[in-house]
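Each remark here refers to the structure printed beneath this line.
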Amino acid sequence: MNRKISKTYLLFESGEGVEVNISLHKPSSATNRPIDAFMVTECDGDCTRSARRAAQAVYDVLSSSENLDRFVVGYDLNGLPSERQVIGGSGGLAFAVSLAKRLTKKDPGPVAATGIVDPGGTVSPIKGIKAKLQAAKSLIPENGFILYPEKNHHEIPDELYKEIKRKGIHLHPVSSISESFEILFKPEKAAEDLVKIKKSKTTPLLFCLLIILILGAGFYIFNSKKEITAQVHTAEKSDPKEKVKKTADQDEQKPQESSSEESKPSTVKKNPAEEKQTEKIPEAVKSVYTGSINIEGKGSLASQISQKVNDLLLSHPDELPEKGQVSGTISVLWINEDTGKDGTVSSSISIVLNGFKTVRDNKESSFPAIRVEEKGQGSVIKMADKASDTMCRKILQIFKTPEKLSDDGGFD
């Protein structure tokens, strides 16, 4: 069972932060690059380039000690409001930390990070450091980490710096990706070195203090022996009735306290709005289609694709089996995204629908895997939308002519 990795936060100048989630995919055979990255969350070009530079920097640092395969990483910002537009490259350090946690399988705890990652892995300063650290202070618990560019250190107000330290958060300025990883993933070694240094300087002093404490304890025990013995005898001669009386008084108080708690009436009431909540399928669709559509997604991007496929299928109720059931799981096989010298973005994606089943008139039917590939100008997200449309058309075609589906997921 895989252990859940702690959260990594990307910080905004507005004083907010969102969690960075990642998904790893196989690259297309058409590319030679060992690593690539794309944004699942829509953002501007600077943000996408920042994600790619961060992924490349992580690969460069870790490949010397880790056996890394070729892969493509998708970054998704969890909890980002739909109206929020992500611009700029200050999320590079957060992207790098989130990916490194996944690849190294080492978890230092919750981390909030901000900083522009330049080619070569250096961390450059950002704008709005005060607001971003205030956001980090509210997001990160005790013993968590906050990383920020070293060149922004002089801009941090003293009081804010002290507040973060008082909360027990590890606050570190960094100048490179490799320095960040030394702080996050090798704290045990640093702690051991610190203990060794302290031990070497304080061993003689500790030995002397120990001797003094032993002599003092012996002297105290010797002089207090008679007094302790006298106290024991006095306690043995005390009236046992007094003890019984005190115990009875204490026992009488306990049921009164519990009955007082039990007598309190319950004030919890159900929210009428919650009782009226229904499924998020539009009423118009529910009244037309009486079957069920359950295409799931394996991974963040695949989940977005499957949700769109479900919505598209529900928009064609007349072509779906009446009172039937449709199920399956979509996975992303590979993806690729390139930016030309003129700035033009071209992408490709391959997805597959496995375990595709339908139930019509109480009869279950299983079908071979359905594969879809799309490529063209635009981002990976744009190609993912086209792949969703194509997958929907293929599924609807199966309902019309299921016998024409070939073993490779196409149509004869």
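Nothing in this text is a laboratory measurement; each read-out follows from the coordinates by a stated rule. Predicted, not measured: the structure shown is a model, and the values here were computed from it. Every residue, glycine as well, gets a Cβ built from its backbone with ideal geometry; the counts of neighbours run over all protein chains shown.
If I take R0 = 35 Å and measure r between the Cβ atoms of D318 and K4 in this structure, what FRET efficiency does the formula 1/(1 + (r/R0)^6) give, to the nearest 0.05?
After rounding to 0.05, the efficiency reads 0.20.
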Practice task
Return the whole-Å distance between the Cα centroid of segment 333-401 and the Cα centroid of segment 1-78.
Solution key: 23
Exercise for the section: Could you work out how far apart the two model spin labels at I212 and Q85 are, taking each label as a point 7 Å from the Cα in the direction of the beta carbon, and quote it in nm? Expected result: 6.9
Exercise for the section: Take the Cβ-Cβ distance between D338 and N294 as r, set R0 to 51 Å, and report the resulting FRET efficiency rounded to the nearest 0.05. Expected result: 0.90
Fill in the blank from the handout: Quick note on D44, D36, ordering by fewest other C-beta atoms within 10 Å, gives D44, D36
Handout entry: Label-to-label distance, nm, for residues given as K105 and D44 (7 Å Cα→Cβ offset)
Key = 4.0
Practice task
Could you list, in their original order, any pairs among K298/K363; K130/K165; K4/K137; K26/K105; K7/K165; K106/K382 whose Cα atoms are separated by more than 25 Å?
Solution key: K298/K363; K106/K382
Completion exercise
The exposure ranking of E179, E159, fewest beta-carbon neighbours within 10 Å first, is E159, E179
Practice task
Would you mind computing, in nm to one decimal, how far apart the modelled labels at K26 and D361 are, each placed 7 Å from Cα along Cα→Cβ?
Solution key: 4.0
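Ranked by Cβ crowding within 10 angstrom, fewest neighbours first, how are L301, L93, L10, L314 ordered?
Going from least to most buried by this count: L314, L301, L10, L93.
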Handout entry: Alpha-carbon Rg with Dmax, taken over segment 288-397, Å
Key = 15.2, 56
Practice task
Report the extension gain between N67 and A131 in nm, rounded to one decimal, defined as 0.36 nm multiplied by the number of residues separating them, less their alpha carbon distance.
Solution key: 19.2 nm
